[in-house]
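One structure below.
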Amino acid sequence: MWRSAFRCLGTNFVAGQRSMSQSSLSGKVAIITGSTDGIGLAAAESLGKRGAHVVVSSRRQANVDRAVEWLQSQKIQVTGTTCNVDKSEDRENLVKLTVEKCGGVDILVSNAAVNPFFGNIMDSTEEIWDKVLSVNVKVFFLMTKLVMPHMQKRGGGNVVFVSSVAGYQPIRIIGPYSVSKTALLGLTRALAPELAQSNIRVNCVAPGLIKTNFSSALWQSEDFLDDFKKQLSIKRVGEPKEISEVIAFLCSDEASYITGETITVSGGMGCRL
């Protein structure tokens, strides 16, 4: 009898935990940049399925429309708009639209990034470095600065930067990109103590090789992939949802004592600074 009772209690507890998890972000508003494909779109789904109203964006209207339609089919509250994060007016309009449509901002997932260069790092140009560092580092800070006052009005919030394992272990053919992702690790640590005073947590995820269009030049290369897998414990390419679920965790109350950290999601790749 007691065994059955405890089994019932255990089942109810697990069900309750699952139920809380699925509504843990109810009432929250999340801006996700670069969110019409890959990790960004998966993050919108994971946050949305936990109850958040997600605001998705990218540079092309057709991509935004497609993402919004798909998220709506998943019963997710979503607003979409075009945004080139490298343009200040676009960043400001993104935040302004979010506040007007949704009432505020609780979560920022900075995901939009560029990689305009493949090759030996010494062949990269000043223009390439300017572009990579602007979009992949400076914009992450500027977006955080834009949303911070709105998070303060709501009593706090969460910022998550999407970095890369290349930030720990540079990948030779994408040197400038790798360096920009290293910078995000430092930006996370620099912002966390200052924003903690406003009850805003700042964390970072460092994905390994994930099956997205953005990284297709890497995982579609058999030679690169075979060599890369040798560094992994889990011998496969990751999926966007395996990153987005970590992002959702970092935005939840379950992670309320975590800030200034980078979580590596890489299939066991040994990479640390």
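Values for this structure:
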item	result
Nearby aspartates and glutamates by direct alpha-carbon distance to residue 75 (threshold 19 angstrom, same-chain neighbours under 8 apart not counted)	37, 45, 65, 245
Under 26 Å from residue 181, Cα to Cα: lysines that are on another chain or at least 8 residues apart	87, 131, 138, 145, 211, 229, 230, 235, 241
Gyration tensor verdict on the chain (Cα atoms; rounded if a/c is under 1.5, prolate if a/b is larger than b/c, oblate otherwise)	oblate
Environment charge at residue 129 (Cβ cut-off 15 Å; Lys +1, Arg +1, Asp -1, Glu -1)	-2
Portion, in percent, of the accessible area of the chain that falls on carbon or sulfur, probe 1.4 Å	52
Kyte-Doolittle mean at least -1.0, axial Cα span of 20 Å or more - DSSP H helices of the chain	2-22, 88-102, 139-153, 175-196
Separation of alpha-carbon centers, the stretch 37-113 and the stretch 143-205, rounded to whole Å	18
Accessible area per residue, Å², the chain with all protein chains present, probe 1.4 Å	51
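The values are calculated or read from the model by the stated rules, or taken from the named source; none is laboratory data. Treat the numbers as computed from the prediction; the structure is a model and nothing was measured. Using ideal geometry, Cβ is built from the backbone for each residue, glycine included, and neighbour counts are taken over all protein chains shown. These accessible areas exclude ligands, DNA and RNA; they are computed on the full protein's heavy atoms, side chains included. Shrake-Rupley method; radii C 1.70, N 1.55, O 1.52, S 1.80 Å.
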